Structures are given as C-alpha cells and as structure tokens.
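Derivation of every value follows stated rules applied to the coordinates shown; laboratory data play no part. Predicted model, so just to flag it, every value in this text is computed and none were measured. Heads up, the Cβs are rebuilt from the backbone with ideal geometry, glycines too, and the neighbour counts pull from every protein chain shown.
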Amino acid sequence: MTVVEVPSLLLPADEDLSAPLPASTDVVVIGGGLAGCALAYYLAKCGVEVVLLERGELNREASGTNAGSFHFQIALHQLTGSGVESDRARLLGDVRLLAAAAEVWSGLEGELGADLGVHVTGGLMVAETADELETLVTKQRIEQEAGLSTEVLTGAELRNFAPYLAEGVSGACYCAREGHANPLLAAPAFAARAIEAGGRARTHATVIGIQQDGTRPLSRFKVLTTAGSIEAHRVVNAAGAWAREIAGLCGLDLPVRAEGLHVNVTEPRERVLTPMVQHIGRRLTLKQAANGTFIIGGGWPARPERAPLRYSVRWQSAAGNAAVAVRVMPALADVRVMHMWTGVWASSDDLMPIVGEFAQCPGYFACVAPTGFTLGPIVAQMLAEAMAGRSPGGLPAEFRPEREVALARN
Amino acid sequence: MSTSAGPTCDLLIIGGGPAGLAAAGVAASHGLRTVLVDERPTLGGQIYRQPGPGFVVHDSRKLGADYLRGQALVDSARRAGARLYTGMSVVSLRGTSAVLFASGPSSGPGSSVGRGRFFGDGDDEDLVVTTSSTTTTLHAGRVLVAPGAYDRPVVFPGWTLPGVITAGGAQALVKASRVVPGDRVAFAGSGPLALAFPAQLHHYGVNVVLALEAGPPPGPRSLLGLLLAAPGNLELLRDGARYRLQLQRGGVPLRYRRVIVRAEGDDRVEAMVHAAVDANWRVVPGSEQSVAVDTVCVGYGFVPSIELFRLAGCEFGYDEDLGGPVVEVDEWRRTTAPGVLAAGDGTGVRGSAVAADQGRLAALGAAVDLGFISATRGTGLARPLRRRLCAKERFRRALRPLFGVGQGVYELATPETIVCRCEEVTLARIDQAAAATRDPNVVKSYTRAGMGLCQGRNCQWQVAAAVARRAGLVVPQVALMTARPPVRPVPLGIVADDSVPDEGLFVR
C-alpha cells in the first residue's frame, strides 16, 4: 500500500496559526480553503500584505473533501437542457476558463515546489443513449473551437481504448489534460508557501462582524473575529459555501449556497483504470487513485445536519451513485466500498465563479468558485493580479459579484 | 429519502452475543415481532461463540460451559419466536431504520445464505427479501444495538509481525475453528480475562509459556473490597480462583505488573520482550526481559464497538476502565437517540452476565415503549434484573484497583512504529501532523491514518492519544474521527440500487 508522505514543509506548523491577530493589514482573506489559501499565496507573491482568517482548520471543508478531479470538459452541470447549441456562447467562455485552469494546474507542482499528487491521466466523458452521444459530439466541437483538445471515441476504437467500459456505453469524449491532484495537499501547500512569502494565517478565528469607515481609506474595514479584531484596507470573501453569510455581514448579497455531496471510496485494487470517467447524462465521476482505491462521486447529495454536525450520508445517494458506476464499469460490482464521505460545495445560481470587487462596497471582493478544486487556483491568481494592479485587462465581467443572473441552469 | 416501504418489525436487535440473544428471548416472549441479525456465521458472540459452519457437535459438554450457556440463550430466543439471522451485516443505521446485507456464510436453523426472511406488513411469512444482490432497509419500532467489544488495540514495536495476535482472535481460532495458535505462546494483558484467556488456551491444549498481567497481584485490601462487594458475585470470584488454579496446575508462570514492550523477529515473532511497569503501566527502566515464543497473544481489555451508536447520533460519556467512550443510557437502556436502545459490552465492557441482563432490561424497555406491556408490569419484571446489575456494578468497582487501565498502554510505540497498519503510517508521522492540529480528522487527512480497511478501528485511539499528548489534553477531550457508513465494507454491486432515480445535478 502506498504511503502518502507528509513533507513537513507543507504543514504550516512553523507559523503559529493561533497567535494573536496582527493589528492591521492591507488585505484580509476570509476562508482557509483552496481559493483563500491560493489567493493568500498569489497576493504575498505579488508583495501584497495579507492575513488569511479561517474559522476552523485549513482545508477542512469543500477544498479538502472533494475528490480532487480536474474537470476541463463541458460537463452535465453546464448544460441547461435547452440544447448545447443554444448555450454555445456561454460554453465557449466556460471552456476557455477551464483551459486556462488546466495550464495553472499543470505547472502548480513546479510553482509551489511540492508534490501535490498531480496525475494527468486523461478523462473520458461517456454517453449511453443516442441523445447523449449527440450531445457529446456537439460539445466536443465547442471545446475544439475554444482551444481545448478533445476527441469522441466510439465502436472498436473505444473498446480498445477503454475495455473496462460496459457494452452499453456507446461513446466517450476523451480529454488528455484531465486528471486529479490530492485535495488534502493542495490548499495546505498554498498556505505554507504563502507564509514563506510573508503572508500570515490564523485558524480558529471566526469572523463575526465587519465594520466599515469610509473616511479611513487605508483601514476602511475592521474585521471582528472570535480571536480578536484586525483592521484592513481590503477584504476578500473566500468563504466558499458560507460566502453568503459572510457577505451578509456587510449587507451584501452573494447568490451562493452550501450543498452536500456524496463520495464512495472502495478498497484498493490492482490498477485497471487510468483515466477519470464521467458521464454526460448521469451523475458520475469515477477514478482509481494512486493507491488503487476507486473514488466515485458525481454530485449525489448528502443530507444537511444542524451545526456543528457535518453533512450525513444519504444511503439513497450511495446506492444511486454505485448503480451508475457499476453500470458504466461492471467489474466494479465486487469491489468493496470501504468508506463513504460527504463534502460540501459552494453552489452559485449560475454555477459561474464569482470573482471581483463589489461596486456598492469598494474594497470588498469575492473569490468563490463552484467546481472550485479545478478553478480555485486560476481564479485566485486572476484576482490577486488584479488586486496587485498587475492585470491590465481587469477581471471578466461575467464573474462580477453583482451581475444579473440571466439563466438559472437546471 | 425516507421511505416507509420495505420490511418491518417491532424490535431489531443488532448483535447475537449474550446481550442480543437474551433480549431476543424476552422481547419475543412478550409478543414483539423480533428480528436479530449477526454478521458472524454463528451466534453466541465472542464469549458464547458456537463452532463454525461444517462442525458437528457430538458431545456438547466437551465444548465447555460457555458453549452450553450460548446454546441455551439461542434455544430460548428461538422458542419464544424471535427470528435469528446470521451472516447478515448492518452497514448503516439512521433513526430506527437499518441497512442490511448478507455479508457472509450463515449456519444453523433459521437462516440461509444470502436470504433473509423478515416480517412483512400483512402476512408475517410472506415477505422474502433476497439480500444477496442488494441491501435491504429494515424499519423497526425500536432498535437494540448490542455490537459487543473488540480487543483494545495496543501498539508496540513489532505488533504487526505475523504471530502477534489479539486475545479475542486467539479465542475465536480455538472456539470456532478448533485451531491452536502456536507451539510456544505468551500472553500479555490485563483485566479479569487476563487469567481467563491463558487458562482457556491451556485448557484447549495450547503450550502457554508465560502470562503477564499489567495490574498488581490481588492484595489483602483489594480482596477485602471484593469480599464486601461479593454478595451475588461468588460465581465470578470462583471463576477467577479457578483460572489461577488451572494456570498453576499447568505450570504456566503468571507475572504481575509486567507488560509487553516489543515483539522481535524477522519474518515472524521469535521473542517477546517484557518489562516491569508502575501503577500507570509506565515501563520501569532496566527491567526488560525476553522470552522465546512463536506466538504472542495480546489482551489489554476491550473497547466497545461504537460505530453504530455514533451513526445513530447517540451521546457518550467516557470511562477508560469500561473501554473508553461509553454510550449514555437511561433506566430502560434507551440511548439519547430516539428509538435506539443499547446493551452489552458495546456500552462499556462488563462481561457476559451483565450483558445478558442489560439485554433483557432493554427488551423490557422496548416492550413498554411499544405498548406490549404496561410500565408497571415492566418495572416489576425489571426489578430482579436491576438488582443483579447493581450487585455486579459494585463488584466491578471493587475490582478497579486491580484492573484499572494505565495510560502507559498508549505509550509503547516508538517513532518508527507503524500505528496505522492499513496505510502504514508511523507514530513520527502522526506526531508531526498532531503538531499542527487538535483535530484527529485533520491528522487523518494529512497522514491517511484511519483511511484503510479497518476504518480506523485500530489506530483511532492511538491518534487521539498522540493529539492529546501534544496538546496537553487527555484522550477523552479529543474528538474522534467522523463516523460514516458503511460500518462494514460492502461490495459496490450490493450498494448499487438501479431504482434510485438520477434526477440530474441541480434538481432539488
């Protein structure tokens, strides 16, 4: 069995995360998930003074409880059901962002000088019905146009490439750039490097209020926490699934809500599956991790519980998720499920990232991304560069916090 | 999705040891439609374990008193009309609905491999649930969780060597498979059973070369305490004296105030190194000795199986001498989770006699709750049980000075010792992560300790102890890793249910 090494330098233990808060800073980042840790790193790297605040421990919510997949292909959740062509303009933008995310991830281990468990394995988006196959073909053209290289495989070509797929799988779209990283390592690595670059982080500091004083441009905000208060020139809300509550502290609204997700994890088996497998019409993501376990998810819900309990397992989700997995890859039937875990994710009304400054509250920024493991690093990098004044083009308008949500996708 | 479809019963009993079997007999005799499930192929639990499938018992007396006691409980439960199923695992519990599947072979009347017959809504006999291909959710009026206990995991250098086994494992080998574990066996442990185990092994023909007890020899003061507490417990005192006599007669050296400090050997255990300890079981420097053995049997007491209680959302107290976390129960053995009752060693390790009476009490509680008997009648029936339980509790408290668990049991590992054997994580690694957090879940995510096939059962106590040491806390102050189903590994094909609608990602 593989032992995942814990390089000691990736534990931000050298910094006393429970030290008193500094009196003031340029930027306070609220939320110690992947987006917040990455943002702290990119800001510190640009020479911006930053303090990261986390109410619990770093990386304990969505960023550390997802399956670590890079989703670059157009997926089920991006489709409205009104036809791929009708979504064309929006999807082109989505894919360009995803292609840029692929660039960031491919260079991230080098950037951070750390093993993040990045494995570019390729990814297969499978189709079973004729309709699903048609969707695959159409979406593949859009990906091609947006600069993401994918190809649709069918028949003997598909069987040769992926002999483990069931007979009922009629086609699959392959993207060589997809893969996964270890979600337990990415955010802590960003945090450790942020601290090395001069950033600071404090855990067990729950933000309970934000006071504003527009007459003091250099310390407009006073952020009150359970561990003391800190004055800040700028504040970034990177609270993920809880971004709406944090926005509410300043009377702002963010269309973000927390959703619970289910993941099945099996016992380790000999390697048979290299690419990640997703489904264009069903809720499925499936991959075999480096230690041989199969990690199976895809958006099946978990049950909310009252705080401080975490989301609990809905057996129905375990059963439905397992059924899709076994149907797509029949050899999984006798592999034992060893663990089930639930995670949370930040769902926005249009499932687009929310990145940028609030027009109605200068100095207050948001940095939240649904499918945040894939997009967290890129949006954090974009925002950091904008906040450091190194982004001549500014941030994409479609990410603005106060945008009109034209289309609630189903 | 909460569904009312599926099989039902009045009382579901999880666990077919003394507590579960005794409860089944009482509940069924009061008219409750009672289903008992146990994941093992045979009933009786650990202590009353019946021989495994394929064995035919010609002379039951030769199998000893435990076999006969178990057989009597099984018979009376069955006669009362309880349905007993073996080879059936509970993998999840929410409220009073349990997810079951046929996990393994089953033996004995009343059950068949891969098929469970439960009570249907109308006709009791009509509903046949095939559990070999998928899970079944059984809805019960009340659930009695009686999961028992398992050997307290003790980590010392060499504990993962072949030839090092737990006392419970050794006992299972001889009882269910009639196999003796080795040619030269050492026993290292503590507690009332520290005498019983080697005596039993000796009785079954095992060559026990040394038995170690971490606690002190019984002195005049503790014996006086035992005598004062003894009324009603003479049998237990007699058992203890008998075990000691058996060991003496068999020439098995029994040494007090000594613990195992490591097992040595290349491919398997060849020697056991042991040392003297103080009252907290901390090793006295310079007192090490070695003995050549091919098998080391480790039995430092038991810890309750609390996974189902944790899934059900029960609240816990803590008592290291009872095995650590102890589920809270009221006078009818109701937990704090609505509809869920608890009995047996899984609620604090007190032994089979107490377990059986707790089971009977819980069955009465369920019968009262569901209206099968009046509260007055239930209280009357419970009176002798409660009297016996009180007497046994006094006895247990009197034994405490002899068998109290020392914290030294969590301090035998060295930095290189593998603590999580599933994921091969060393103590050094865990200590490193414990420096960054007080949350065992975070230690787990940094190190993978607890992510393996045993689902953390073996290492979670050691991880909690490491976090506690680092933070200057004691183990009970450290939270456990989050509890999640499945309580047992279960094949994906069995979890899979094609009838669950896939409504797409964002339909709520």
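A few points about this structure:
- Take each residue of peptide B:196-209, count the partner chain Cβ atoms within 10 Å of its Cβ, and average: the result is 0.
- Reachable lysines, given that their alpha-carbon falls under 29 Å from the alpha-carbon of B:LYS392 and they are not under 8 places away in the same chain: B:LYS62, B:LYS175
- Quarter of the Cα convex hull surface for segment A:228-291, i.e. its orientation-mean projected area (nm²): 8.6 nm²
- Across all Cα atoms of segment B:364-508, the radius of gyration (one decimal) and Dmax (whole number) stand at 22.8, 61 Å.
- From largest to smallest, the equivalent ellipsoid semi-axes obtained for segment B:242-351 from the alpha-carbon gyration tensor read 37, 17, 14 Å.
- Calculated SAXS-style log₁₀ I(q)/I(0) at q = 0.14, 0.20 Å⁻¹ - segment A:33-97, Debye, Cα scatterers: -0.67, -0.88
- Calculated log₁₀ intensity ratio I(q)/I(0) where the Debye formula runs over C-alpha points of segment A:9-123, q = 0.11, 0.17, 0.22 Å⁻¹: -0.52, -1.03, -1.36
- Judged by the mean number of other Cβ atoms found within 10 Å, the most tightly packed of the peptides B:262-270, B:352-360 leads the ranking B:352-360, B:262-270.
- Semi-axis lengths, largest first, of the ellipsoid equivalent to segment A:199-313 are 40, 16, 15 Å, with √(5λ) applied to each eigenvalue of the Cα gyration tensor.
- Note that segment A:107-188, at 20 °C in a medium of 1.002 mPa s, gets a Stokes-Einstein diffusion coefficient of 149 µm²/s from its Kirkwood radius over C-alpha pairs.
- In order along segment B:263-276, phi translates into HN-Hα couplings of 10, 10, x, 8, 9, 8, 5, 10, 8, 10, 9, 10, 8, 6 Hz, rounded to whole numbers, per the Karplus curve 6.51 cos²θ - 1.76 cosθ + 1.60 with θ = phi - 60° and x for Gly and Pro.
- With the convex hull drawn over the C-alpha atoms of segment B:391-459, the volume per residue is 123 Å³.
- Inter-chain Cβ neighbour count for A:317-330, averaged per residue, equals 6 (cutoff 10 Å, partner chain atoms only).
- Note on A:285-293: average number of Cβ atoms from other chains within 10 Å of each residue's Cβ is 1.
- Taking all Cα pairs closer than 8 Å and separated by 6 or more residues, the relative contact order of chain A comes to 23 percent.
- Each residue, A:GLU404 and B:ASP183, gets one label point 7 Å from its Cα in the Cβ direction; the gap between the two is 8.8 nm.
- Alpha-carbon Debye profile of the protein assembly as shown, log10 I(q)/I(0) at 0.08, 0.10 Å⁻¹: -0.82, -1.17
- Its alpha carbons considered, segment B:444-497 gives a radius of gyration followed by a Dmax of 14.0, 47 Å.
- Contour minus Cα-Cα distance for A:GLN144 and A:SER18 (0.36 nm per residue): 40.5 nm
- Straight-distance crosslink candidates among aspartates and glutamates, where the alpha carbon sits under 14 Å from A:LYS139 and sequence neighbours closer than 8 are dropped: A:GLU85, A:ASP87, A:ASP94, A:ASP131, A:GLU151
- Per-pair calculated FRET efficiency, R0 = 30 Å: A:TYR164 and B:ALA479 via Cβ, rounded to 0.05: 0.15
- Value of D in µm² per second that Stokes-Einstein yields for segment A:226-378, Kirkwood Rh from Cα pairs, at 25 °C (0.890 mPa s): 140 µm²/s
- Positive-end residue, segment B:245-296 charge dipole about Cα centroid, Cβ charges, pick of B:ALA279, B:VAL261, B:SER290: B:ALA279
- Dipole-positive endmost among B:GLY168, A:LEU53, A:LEU224 within the protein assembly as shown (Cβ charges, Cα centre): B:GLY168
- Within a Gaussian network of chain A (alpha carbon springs, distance under 10 Å), most fluctuating of A:GLU357, A:GLU167, A:GLU231: A:GLU167
- Contact order relative to length of segment B:349-508, as percent, for alpha carbon pairs under 8 angstrom and 6 or more apart: 14 percent
- Segments A:53-61, A:222-230, B:179-187, B:417-425 sorted - mean Cβ within 10 Å per residue, highest first: A:53-61, B:417-425, B:179-187, A:222-230
- For segment B:418-429, 3J(HN,Hα) per residue [Karplus equation, 6.51 cos²θ - 1.76 cosθ + 1.60, θ = phi - 60°, Hz, x = Gly/Pro]: 6, 9, 9, 6, 5, 10, 6, 10, 7, 4, 4, 5
- Size descriptors for segment A:90-129 (Cα atoms only): Rg and Dmax, in that order, 13.7, 44 Å.
- Charge dipole (debye, nearest 20) of the protein assembly as shown; +1 at Cβ of Lys and Arg, -1 at Cβ of Asp and Glu: 3660 debye
- 0 to 90° range, to nearest 10: angle between helix A:130-146 axis and chain A longest Cα axis: 50 degrees
- Peptides B:334-341, B:138-145, B:368-375, ordered by how many other C-beta atoms sit within 10 Å of their residues on average, highest first, read B:138-145, B:334-341, B:368-375.
- Calculation over all alpha carbon pairs of segment A:127-235 in 10 angstrom steps from 0 returns a P(r) of 11, 22, 18, 12, 19, 15, 3 percent.
- Kirkwood hydrodynamic radius computed over segment A:299-410 comes to 17.2 Å, based on all pairs of distinct alpha carbons.
- Given charges at beta-carbon only (K, R positive; D, E negative), |dipole| of segment B:258-368 in Debye: 320 debye
- Label-to-label distance, nm, for residues given as A:ALA290 and A:VAL137 (7 Å Cα→Cβ offset): 4.0 nm
- Two-site label geometry, B:ARG268 and A:ALA397: point separation in nm, points 7 Å out along Cα→Cβ: 7.7 nm
- The alpha-carbon atoms of segment B:259-321, seen along their principal axes, cover 46, 31, 13 angstrom, with the largest extent given first.
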